[in-house]
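The values are calculated or read from the model by the stated rules, or taken from the named source; none is laboratory data. Quick caveat, the model's predicted, so the values are computed rather than measured. Reconstructed Cβ throughout: ideal geometry from the backbone, glycine too, with neighbour counts over all protein chains shown.
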Amino acid sequence: MRKPLSLARLCLFAFGLCLLPILRAGAALPASVDGTPLPSLAPMLEATTPSVVNIATRGQVTVRNPFMQDPFFRRFFALPEQRARRTQSLGSGVIVDAEKGYVLTNHHVVQHATHIGVTLHDGREVQATKVGSDAASDLAVIQIQADALTAASWFDSDKLRVGDFVVAIGNPFGLGQTVTSGIVSALGRSGLGIEDLEDFIQTDASINPGNSGGALVNLRGELVGINTAIIDPSGAGGNVGIGFAIPANQARRMMQELIDHGAVRRGGIGISVQDLSAELADALDVPVRRGGVVARVLRGSPAQRAGIEPGDVIIAVNGRRTPNAEDVINKIGLLPLGGELRLTLHRGRARLEAQMKIQ
C-alpha cells in the first residue's frame with residue numbers, strides 16, 4: 001500500500017504547481033534532493049532582477065530656523081528665519097523603457113534631489129535626470145543613459161487576486177538588491193493617509209525602507225506594482241508584514257503623463273460626494289448601505305451632461321466597488337485628464353450607468 005504524503009511533501013507539491021508556467025516557459029529544472037525536484041524562483045529572478053535598480057540621492061530643503069520660535073532670539077539676534085538642510089535618500093526603481101532609459105520610482109525617493117545616482121544590477125553606476133514627479137500618487141520618472149538595459153514587462157494588475165504569489169525586489173536599508181516573497185493580502189486599499197490618492201495592493205512580502213520604488217512581480221516576473229509604503233506601528237522602520245504597492249495599471253497611466261508632460265494633469269467631473277449613512281440610505285430609498293452620495297452637481301459639468309443628479313448613490317467606478325465617498329474621490333482622481341469614466345449608481349431603487357470623460 002502506498003504511504004500517505006507527508007505535510008512537507010504536500011506543500012512542496014502545491015508550490016511546484018504554482019511554478020509550472022515558469023518551467024513550461026523553458027526554464028531548466030532545479031536541483032533535486034533524493035530524486036525530488038526542488039522548486040525555485042531563481043530562473044524567473046535571473047530574467048527579472050536586471051530591470052530593478054538602486055537609487056541614491058542628495059539634495060537640500062529649506063527649513064525654518066528653530067531658534068526663531070523663541071521671541072528672545074528673534075528680538076536680540078539677527079538670525080536668518082530659514083536655512084538650508086542637506087538631504088540624502090536611498091530607494092529603488094524599475095526600468096520601464098530600455099531604449100530611452102526611463103526608470104519608474106517613487107516621488108518621495110527623488111523629491112528633493114539635486115543629484116540622483118543609479119546603480120544597475122551589473123554594478124554600473126550612472127547619473128539620472130528627473131523627467132517628472134507627482135506627489136499625489138507618489139510616482140516619479142527619471143532617465144539614465146546606458147547601454148544593454150533590461151526593461152520590466154507589465155502585468156494587467158486588474159487581474160490580480162487576493163492570494164496570488166508575489167515577489168518584492170528592491171534595495172532595503174541600502175544593502176543592495178534583495179528579494180522577498182509573499183502573497184497579495186488585499187486589493188484596493190485606501191483611506192490609509194499615506195498618499196493623497198490611494199488604491200494600493202497590500203502584500204506580506206517583506207518591504208522595508210529602501211524598497212520604495214522597487215518592483216512587485218508575479219511568478220512569471222511581470223510587474224504588478226511599485227512598492228511604496230509599509231505600516232510600522234513601532235516607528236522603528238521595520239517590517240510587520242503589511243506593505244503597499246501602487247498597482248501596475250495605475251503606475252503605467254501616471255508614468256505616461258509624467259513622460260509626456262512632466263506632471264500629471266488632473267481634472268474632474270463636477271460633483272461633490274459624501275458618505276452614505278444608514279439614515280441617508282433610508283431617506284433616499286436605496287437598496288445599498290455602502291457608497292458615495294452625490295451632494296452637488298456643477299452646472300455644465302461632465303456629470304450634469306451625463307445625467308447625474310444630487311441624491312444619486314455611486315456604488316462603483318469603472319466597474320470597481322466604492323465603499324465610501326473618499327474611495328469615489330480616489331478612483332476618479334487617479335484617472336488622467338480625458339480618461340473614460342463609467343459610474344454605476346442607484347437612484348432610489350433603480351440601478352443606472354453613466355458614461356463621461358474627465359475634464
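Name the single residue, out of those in the stretch 325-358 being at pLDDT 90 or above and in a loop (DSSP other than H, G, I, E, B), that is nearest to the chain's Cα centre (by Cα). Going through the qualifying residues, I end up with Ile358. Which ones in the stretch 200-211 are at negative phi and in contact (Cβ under 8 Å) with a residue 60 or more places away in the chain? Once the filter is applied, which keeps residues that are at negative phi and in contact (Cβ under 8 Å) with a residue 60 or more places away in the chain, the stretch 200-211 yields Pro209, Asn211.
Report yes if Asp275 is among the acidic types (Asp, Glu), touching a helix residue (DSSP H, G or I) at 6+ places or on another chain (Cβ under 6 Å) and not assigned by TED's automatic domain parsing to the domain that holds Gln256, otherwise no.
yes
For the stretch 196-220, name all the residues that are in contact with a His (Cβ under 9 Å, 6 or more places away or on another chain) and of a type outside the set (S, T, N, Q).
Here is the first cut: in the stretch 196-220, the residues in contact with a His (Cβ under 9 Å, 6 or more places away or on another chain) are 212-213.
Hit for the stretch 196-220 is Gly213, nothing else.
Between a residue in the stretch 334-347 that is under 27 Å from Ala281 (Cβ atoms) and any residue that is among the polar types (S, T, N, Q) and crowded, with 17+ Cβ neighbours inside 10 Å, which pairs come within a Cβ distance under 8 Å, given they are 6 or more apart or on different chains? These pairs meet every condition: Leu334/Ser137; Leu334/Gln250. Put simply, of Arg252, Arg299, Arg320, Arg265 the only residue that is more than 26 Å from Gly213 (Cβ to Cβ) and either basic (Lys, Arg) or within 20 Å of the chain's Cα centre (by Cα) (or both) is Arg299.
Val240: in the same structural domain as Glu340 (by TED's automatic domain parsing) and more than 19 Å from Leu334 (Cα to Cα), yes or no?
Values: in the same structural domain as Glu340 (by TED's automatic domain parsing): no; more than 19 Å from Leu334 (Cα to Cα): yes.
Spelling it out, it is not the case that Val240 is in the same structural domain as Glu340 (by TED's automatic domain parsing) and more than 19 Å from Leu334 (Cα to Cα).
What tally of residues in the stretch 117-156 results from selecting those that are hydroxyl-bearing (Ser, Thr, Tyr), assigned to a strand (DSSP E or B) and buried (at least 20 other Cβ atoms within 10 Å of the Cβ)? Full working, then the answer.
Step one: filter the stretch 117-156 for residues hydroxyl-bearing (Ser, Thr, Tyr), giving 119, 129, 133, 137, 150, 153.
If we keep only those that are assigned to a strand (DSSP E or B) too, we end up with 119, 129, 133.
Within this subset, residues satisfying the condition of being buried (at least 20 other Cβ atoms within 10 Å of the Cβ) are 133.
Total satisfying the criteria: 1.
Looking at Arg58, Arg83, just one residue is surrounded by 13 or more Cβ atoms within 10 Å (Cβ to Cβ) and at pLDDT below 60, and that residue is Arg83. Taken together, Leu223, Leu197, Leu216 contain a single residue that is in contact with a helix residue (DSSP H, G or I) (Cβ under 7 Å, 6 or more places away or on another chain), buried (at least 24 other Cβ atoms within 10 Å of the Cβ) and touching a residue at least 40 places away in the same chain (Cβ under 8 Å), which is Leu223.
Taking each residue of the stretch 248-263 that is basic (Lys, Arg) and looking for partners that are modelled with pLDDT under 90 with beta-carbon atoms closer than 8 Å, six or more apart or interchain, yields Arg253/Leu334; Arg253/Leu335; Arg253/Pro336; Arg253/Gly339. Quick one: would you say Ser234 is surrounded by fewer than 18 Cβ atoms within 10 Å (Cβ to Cβ), in a strand (DSSP E or B) and modelled with pLDDT under 95? Against the criterion (surrounded by fewer than 18 Cβ atoms within 10 Å (Cβ to Cβ), in a strand (DSSP E or B) and modelled with pLDDT under 95), Ser234 does not qualify. Scan the stretch 161-173 for residues that are surrounded by fewer than 22 Cβ atoms within 10 Å (Cβ to Cβ) and either over 15 Å from Ser92 (Cα atoms) or not assigned by TED's automatic domain parsing to the domain that holds Glu195 (or both) and report the count. Residues that pass the stated criteria total 5. Checking Arg299, Arg347, Arg290 one by one, the residue that is in contact with a Pro (Cβ under 8 Å, 6 or more places away or on another chain), more than 26 Å from Arg252 (Cα to Cα), surrounded by fewer than 19 Cβ atoms within 10 Å (Cβ to Cβ) and among the basic types (Lys, Arg) is Arg290 and no other.
I'd like the full set of residues that are in a loop (DSSP other than H, G, I, E, B) and of a type in the set (Lys, Arg), limited to the stretch 256-306. Even if it seems obvious, please write down each step before you answer.
Within the stretch 256-306, the first condition is being in a loop (DSSP other than H, G, I, E, B), and the residues that meet it are 262-270, 276-277, 285-291, 298-301, 306.
Within the stretch 256-306, Arg265, Arg266, Arg289, Arg290, Arg299 meet the criteria.
Scanning the stretch 266-287 for residues that are polar (S, T, N, Q) and loosely packed, with under 14 Cβ neighbours inside 10 Å returns a single hit, Ser277.
No other residue among Arg265, Arg289, Arg296 is charged (D, E, K, R) and closer than 21 Å to Asp196 by Cβ apart from Arg265.
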